[in-house]
Amino acid sequence: EAGVVQSPRYKIIEKKQPVAFWCNPISGHNTLYWYLQNLGQGPELLIRYENEEAVDDSQLPKDRFSAERLKGVDSTLKIQPAELGDSAVYLCASSLDWANADTQYFGPGTRLTVL
Amino acid sequence: DAKTTQPNSMESNEEEPVHLPCNHSTISGTDYIHWYRQLPSQGPEYVIHGLTSNVNNRMASLAIAEDRKSSTLILHRATLRDAAVYYCILRASYDKVIFGPGTSLSVIP
């Protein structure tokens, strides 16, 4: 069974440029998560989707970050414009059922460097 | 949100058992204890979880104190591939997963 797929694995951009990350969750997983991980820290939740609905985006900086999960499968996280402080690893995860505290399966992440 | 406390780092010799502690004195009756680990340059991966009883799987064992205020993840024979950051997380149904900084485990050949 294929795991969570993310692309690109690495991205280097200059500040003020836009950037987008893509995630394909495990087939059949209704819940999709985007996390931000700064160096030396644990992942922090940005947004959670149940199917195509964003049910928890309280930690998403909405002035510059946006996300979508069309058709309840793949998802895209966008930053526009990027700032130096956005340099981090962006992780996508999926699970069968969030409500029952099901195991989350993580992708390898996208390492973003903003110059 | 219930919180956990873990040592920042630990060392183990290869092929020896490793006991990774986690304190969670404010745990509630509905909180499950989850462990994830994160290998270098990878996303976190699930290791094990439990509620009250000790649990075993192919990766590790989880020993839960009788009062549930602490738990220990046990790797029976550490290998170099077990070098990772280990996260202890409390989670109830309908609850977010909140990662702390975890314990960075080094395995010495």
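Computed from the coordinates by the stated procedures, all read-outs in this text should not be read as laboratory data. Nothing here was measured: the structure is a model prediction, and the numbers come from that model. We place every Cβ from the backbone using ideal geometry, glycine too, and count neighbours over all the protein chains shown.
Given a cut-off of 19 Å, what percent of all Cα-Cα pairs of region B:44-95 lie beyond it?
On the way: 381 of 1326 pairs.
For region B:44-95, the share of Cα pairs beyond 19 Å comes to 29 percent.
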- line: Given backbone amide H placed at 1.01 Å from N, residues whose amide H is under 5 Å from that of B:Ala84, ignoring those fewer than 5 places away on the same chain, are B:Leu105
message: Bins of 5 Å, beginning at zero and ending with the bin holding the largest distance: percent of Cα pairs per bin for the protein assembly as shown, please.
response: 1, 7, 14, 18, 18, 16, 12, 8, 4, 1, 0
J(HN,Hα) series, region B:9-14, from Karplus relation 6.51 cos²θ - 1.76 cosθ + 1.60, nearest Hz, glycine and proline x: 8, 8, 10, 9, 7, 4
- prompt: Which Cα, out of A:Leu60, B:Tyr36, B:Ser61, lies furthest along the positive dipole direction of the protein assembly as shown (beta carbon charges, K/R +1, D/E -1)?
  reply: A:Leu60
Region A:51-64 - phi-based ³J(HN,Hα) in whole Hz, Karplus 6.51/-1.76/1.60, Gly and Pro as x: 6, 9, 9, 7, 9, 8, 10, 5, 9, 8, x, 6, 6, 10
query: Which of these, B:Ala63, B:Ala84, B:Ala92, has the largest mean-square fluctuation under a Gaussian network model of chain B (Cα springs below 10 Å)?
result: B:Ala92
task: Under a 10 Å cutoff between Cα atoms, tell me which one of B:Val18, B:Val55, B:Val97 has the largest fluctuation in the Gaussian network model of chain B.
output: B:Val97
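Arrange B:Tyr46, A:Tyr90, A:Tyr35 by Cβ neighbour counts within 10 Å, fewest through most, would you?
B:Tyr46, A:Tyr90, A:Tyr35
How high is the relative contact order of chain B, given as a whole-number percent (alpha carbon pairs under 8 Å, six or more residues apart)? Show your work: numbers first, answer last.
Working: 262 pairs, mean separation 39.8, N = 109.
It rounds to 36 percent for chain B.
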message: Defining a contact as two alpha carbons under 8 Å apart and six or more residues distant in sequence, what relative contact order in percent does chain A show?
response: 37 percent
query: Of A:Asp102, A:Asp57, A:Asp74, which has the largest mean-square fluctuation in a 10 Å C-alpha GNM of chain A?
result: A:Asp102
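Please give the direction-averaged projected area of the C-alpha convex hull for chain A, in square nanometres with one decimal. Walk me through the numbers before you get to the answer.
Working: hull surface 27.1 nm².
About 6.8 nm², averaged over all directions.
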- request: With viscosity set to 1.002 mPa s and temperature to 20 °C, compute the Stokes-Einstein D of region B:13-99, Rh being the Kirkwood radius across alpha carbon pairs; µm²/s, no decimals.
  value: 160 µm²/s
